[in-house]
Structures are given as structure tokens and as C-alpha cells.
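The block underneath contains the structure these notes are about, expressed in C-alpha cells.
All of the numbers you see were taken from the coordinates with simple rules; none came from a lab. Just so we're clear, the structure is a prediction, and the values are computed from it rather than from any experiment. Cβ placement follows ideal geometry from the backbone for every residue including glycine, while neighbour counts extend to all protein chains displayed.
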Amino acid sequence: MDDRVFNEKGTFVRLPKGEPRDSSFNTGGNLFGNWRKGDDYIVKWCNLDEDHFNFWNATEFNELNQGFFSTYTQPPFNIKGAIGIWGGYSVSFYKGKVPRK
């Protein structure tokens, strides 16, 4: 994976600001979803390996594709003698502040 986003090589990523569920929905002044200068932020970046993705993708396909004439896809397993996968999953948090420029 090219790490230009997190190695600060100038790649711009547009992330809308999350709003709490109990806040009133106010679009006045075009403020909803926009960051203000000086705001603190935390980005949670989750990664999973290809085995995880393929397993959960096939499992979700089977769950959503139900019916009399539907097809079934065997989820890929990488454990012998068992149903499931052995894979990797990681979570990273990146903290920062919206620049004042």
C-alpha cells in the first residue's frame, strides 16, 4: 500500500466532520459536516487482510442473497478441519489539529 496519506506527502483526503446523534441538524451557514480552523480530530484507520475480506464478503453475499432461486457461495476458509479464517486485523488512531492557514 502506498502510504502517501500518513507519511504527509501532500495527499489531500476530504473527511466530513461527524456530528453527534443528539445534536440538532442545522445546515444554516453551511456548517454541517465542515471543520473549523483549530478543531482537533482523531482518524481511526482499520486494515484487514485479503483472507478476512474474502470470507466476510462471501458471508454477507450469502446472507443478503436469499430466496428460492438464489445461489450459495462457499466462503473461503484457511483453517483445515474447521470453519473460519486465520487472518490479521489492525487499528491505528491518528490525532491532529485542523491548520489555521
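By the count of neighbouring beta-carbon atoms within 10 Å, fewest first, L64, L48 end up ordered L64, L48. Sorting 51-62, 80-91 by average packing, meaning the other beta carbons within 10 Å per residue, from highest down gives 51-62, 80-91. Straightening the chain between A58 and E19 buys 10.8 nm, computed as 0.36 nm per residue apart minus the Cα-Cα spacing.
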